[in-house]
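Trainee: First, the structure itself, so that you have it in front of you.
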Amino acid sequence: MIKKITGAKLLVECLINEKVDVIFGYPGGAVLPIYDELFKQKKIRHILVRHEQAAVHAAEGYARSTGKIGVVLVTSGPGATNTVTGLTDAMMDSVPIVCISGQVPTHMIGNDAFQEADIVGITRPCTKHNYLVKDVDNLAGAIHSAFFIASNGRPGPVLVDIPKDIQTFRTNYEGKTNTKKISYYSPQVDPNKDSIKFFVEMIGQSEKPIFYVGGGVINSGPKASRLLFELIKKTGFPCTQTLMGLGAFPTSDQQALGMLGMHGTYESNLAMHQCDLMICIGARFDDRITGKVSGFSPKSKKIHIDIDPSSFNKSVNVDLTIQGDIKKVLKEILNLLNKKKMHFQKQKYSNWWKKINKWRKKDCLAYKNSKKLIKPQYALERLNELTKNLCPYITTEVGQHQMWAAQYLTFNKPNHWMTSGGLGTMGYGLPAAMGTQIAHPKSLVIDVAGEASILMNIQEMSTLKQYRLPVKIFILNNHYMGMVRQWQELLHGNRLSESYMESLPDFVKLAESFGAVGLRATQPNDLDLMIKEMIEIKGPVIFDVCVDETENCFPMIPSGATHDQMLLGPNDEFEDGISEDGMVLV
């Protein structure tokens, strides 16, 4: 006869069977039975964060850098509501998270009890699915279903709300394989064979093709990136990547045109605008990519490959959709290409590459350097040069520094770039770096930050100290909410309304107060030695890089403009007059 166990112990057993090795959490009254069971075991490590939002971001960093599911444990009421920003971030960026929240006892639900909140109702729009477990016999099914839903199909966050009495009631647990899932979720992962045939026909007819690659390739696993590389090399086609897709294909490769979209490169945006075939793989035609939808890639046929059918024809109409797990789709495509013995003659695409290389000569990421002021672009160029051989994991906060990091850093492997794309969450980078460092304790993890964003979750410096996590925080400090200031300058008559950070802390002293090392660079000549020093320090570091306060991030496609209406520099203005090669006429 199987011995009955408490719901709290059952939860821990479920997590162990799901191969969970780390949880990011913060205790409270409604989850004390669970914490008591965690205390009694040694298979799962618990990381005590300083804020529940940071717990979710840390789990995101862990998940995105490993491909595993990130797990969060929080208490009821404010503990649960504090996760909403992180859960929404994970939902927007397709990050697999299982969040376990405590709840008041079942008989008290609806009575406005102490620390009661309807977290299932609150998170319904920002999770892939959620559960309120009112019967201990359904607890194991809910937990295992949550892990299945979070990681299958398009990944995303799932919340399981467990009342305190359910944690103490007893039930049987017969293991994962004998537990009936509480879900009918069954995503389509195998592509339609006819769609693959149409795909091969379309790429065979194209003369100006481009691959448009998003984070879905990375979510599909390392094999998907390897198959993508094989396909791009086999065809010889150019490739551009979204902010979330950086690293899915090596950004240093000659066929890589750089990032696409609002702050994408000149060559990638114009190639997208003038192509005759767009092959979208694992992206969702986000507004930061498309610009003005009616003028987006107007002359191309479009193919959209994705696991999530809700993305098809949502904002941009396409000619062919292929639903399925991207690694399975790419494998089928390559098998058919090999079966047909298709060869892609370089001569057929030579004029297309000549045009692309002409656009490349614009050198759209060039900037006017200074001997006195540290330009943020220069700071990131030096960081890249001195760390790229170490293959660092990079996280970011949100703003100008994020875009510059995407433009100037090298990403040749998937899962090494963690940033908040869809939601644009300030305060994401530090806890995400924390979770990434937990997953990769011997690797170099750098949070590229702004002085405004870093203050959003600066309390996590305490977590770094407690767990001796050697995260490096590389602050591009320009005393402004940089992207807000840039938009105010360019689009709102330079009326800098509430974008100046007037009372910043001394980041060196702040670092020291948390037991970390603080560094500060004020001159360009300081950078190389201090970056090397930052890398060599074994513990956490805050490196305050004082950069030019007036520098703006270019190229930039203004809101409501198309890809051939880029601003390439501070002297450009957004007008209707466009030259033949797409340069804004001023």
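Trainee: Long-range amide H contacts for H479: which residues qualify at under 5 Å (H placed 1.01 Å from N, peptide plane, sequence gap of 5 or more or a different chain)?
Mentor: Those lying under 5 Å, H to H, from H479 are E451.
Trainee: Next question, about the same structure. Would you mind pulling out the separation of the Cα centroids of the stretch 262-280 and the stretch 81-137, in Å?
Mentor: 40
Trainee: Using only the Cα atoms, what convex hull volume per residue in Å³ does the chain have?
Mentor: Numbers: hull volume 92.9 nm³, N = 586.
Here the figure is 159 Å³ per residue.
Trainee: My understanding is that a pair violates if its Cα-Cα distance is over 18 Å; which of K234/K388; K208/K362; K301/K362; K208/K413; K9/K176 do that in this structure? Write out the running numbers ahead of the final one.
Mentor: On the way: K234/K388 27 Å; K208/K362 20 Å; K301/K362 27 Å; K208/K413 27 Å; K9/K176 14 Å.
Listed pairs above 18 Å: K234/K388; K208/K362; K301/K362; K208/K413.
Trainee: Report the label-to-label distance for S186 and D135 in nanometres (one decimal), using points 7 Å from each Cα along the Cα→Cβ vector.
Mentor: Reported label-point gap for S186 and D135 is 2.3 nm.
Trainee: I've got another one for you. Between rounded, prolate and oblate, where does the stretch 193-361 land on the alpha carbon gyration tensor, with a ≥ b ≥ c its root eigenvalues, rounded for a/c under 1.5, else prolate if a/b exceeds b/c?
Mentor: Note, shape of the stretch 193-361 comes out rounded.
Trainee: Once you have all Cα-Cα distances for the stretch 324-427, histogram them in 10 Å bins from zero and send the whole-percent values.
Mentor: Taking all Cα pairs of the stretch 324-427, the binned fractions are 11, 25, 29, 26, 8, 1, 0 percent.
Trainee: I need the phi-derived Karplus couplings for the stretch 13-26: 6.51 cos²θ - 1.76 cosθ + 1.60, θ = phi - 60°, integer Hz, Gly and Pro marked x.
Mentor: 5, 4, 5, 5, 5, 8, 6, 6, 10, 8, 10, 9, x, 8
Trainee: List the residues, sorted by chain then number, that are 5 or more residues from K208 or on another chain and whose placed amide H is less than 5 Å from its amide H.
Mentor: D276, L277
Trainee: Just to confirm, what accessible area per residue do you get for the stretch 59-161 at 1.4 Å probe, in whole Å²?
Mentor: Numbers: 3240 Å² over 103 residues.
Ligands and nucleic acids excluded, the figure is 31 Å² per residue.
Trainee: Apply the Karplus curve 6.51 cos²θ - 1.76 cosθ + 1.60, θ = phi - 60°, to the phi angles in the stretch 192-207 and return the couplings in whole Hz, x for Gly and Pro.
Mentor: Computed from phi, the couplings for the stretch 192-207 are 6, 5, 5, 4, 5, 5, 4, 4, 5, 5, 5, 6, x, 8, 6, 10 Hz.
Trainee: Provide the solvent-accessible area of E332, counting protein heavy atoms only and rolling a 1.4 Å probe, rounded to the nearest 10 Å².
Mentor: For E332, solvent-accessible area is about 60 Å².
Trainee: As a test of the definition: which semi-axes, in Å, follow for the stretch 5-171 when you take the square root of five times each eigenvalue of its alpha carbon gyration tensor? Largest first, please.
Mentor: Numbers: eigenvalues 90, 63, 44 Å².
Values for the stretch 5-171, descending: 21, 18, 15 Å.
Trainee: Heavy atoms only, 1.4 Å probe, whole protein assembly: order R124, R45, R468 by accessible area, highest first. Each step should come with its number before you reach the end.
Mentor: Details: R124 150, R45 110, R468 195 Å².
Listed by decreasing accessible area, they come as R468, R124, R45.
Trainee: Using label points projected 7 Å from each Cα along Cα→Cβ, tell me how many nm separate S513 and I44, to one decimal.
Mentor: It is 3.5 nm.
Trainee: For n ≥ 4 DSSP H runs only, could you compute -39500 (n - 2.57) per run for the chain, divide by its residues and tell me the 222 nm figure to the nearest 500?
Mentor: Working: 22 runs with 207 residues, N = 586.
Counting only the DSSP helices, I get -10000 deg cm²/dmol.
Trainee: Non-local amide H neighbours of H129 (under 5 Å, H modeled in plane, Pro and chain starts lacking H): which ones?
Mentor: L159
Trainee: Could you tell me what percent of the accessible area of the chain is made up of carbon and sulfur, with a 1.4 Å probe and every protein chain present? Show your work: numbers first, answer last.
Mentor: Numbers: 12230 of 24590 Å².
That share works out to 50 percent.
Trainee: Which chymotrypsin sites (Phe, Trp or Tyr not before Pro) in the stretch 158-202 pass both tests, a DSSP loop state and at most 16 other beta-carbon atoms within 10 Å? Let's see the in-between values first.
Mentor: Details: sites: F169, Y173, Y184, Y185, F198, F199; in loops: F169, Y173, Y184, Y185.
Of the chymotrypsin sites (Phe, Trp or Tyr not before Pro), the ones in loops of the stretch 158-202 whose Cβ has at most 16 other Cβ atoms within 10 Å are Y184, Y185.
Trainee: Compute the long axis of helix 350-360 from its Cα atoms, compare it with the longest principal axis of the Cα atoms of the chain, and write down the angle in degrees, 0 to 90, nearest 10.
Mentor: 80
Trainee: Mind grabbing the accessible area of R226 for me, 1.4 Å probe, Å², rounded to tens?
Mentor: In the full protein context, R226 sits at about 150 Å².
Trainee: Follow-up. Let me test this: with uniform point scatterers at the alpha carbons of the stretch 376-546, what is the Debye-based log₁₀ I(q)/I(0) at q = 0.09 1/Å?
Mentor: Log10 of I(q)/I(0), two decimals: -0.27.
Trainee: Could you give each residue of the stretch 158-163 its phi-based ³J(HN,Hα) in whole Hz, using Karplus coefficients 6.51, -1.76, 1.60 with θ = phi - 60°, and x for Gly or Pro?
Mentor: With the stated coefficients, the stretch 158-163 comes to 10, 10, 10, 9, 10, x Hz.
The values are calculated or read from the model by the stated rules, or taken from the named source; none is laboratory data. Keep in mind it's a predicted model, so treat the numbers as computed, not measured. All Cβ positions, glycine included, derive from the backbone under ideal geometry; neighbour counts span all protein chains shown. Accessible surface is based on the protein model in full, side chains and every heavy atom, while ligands, DNA and RNA are left aside. Shrake-Rupley method; radii C 1.70, N 1.55, O 1.52, S 1.80 Å.
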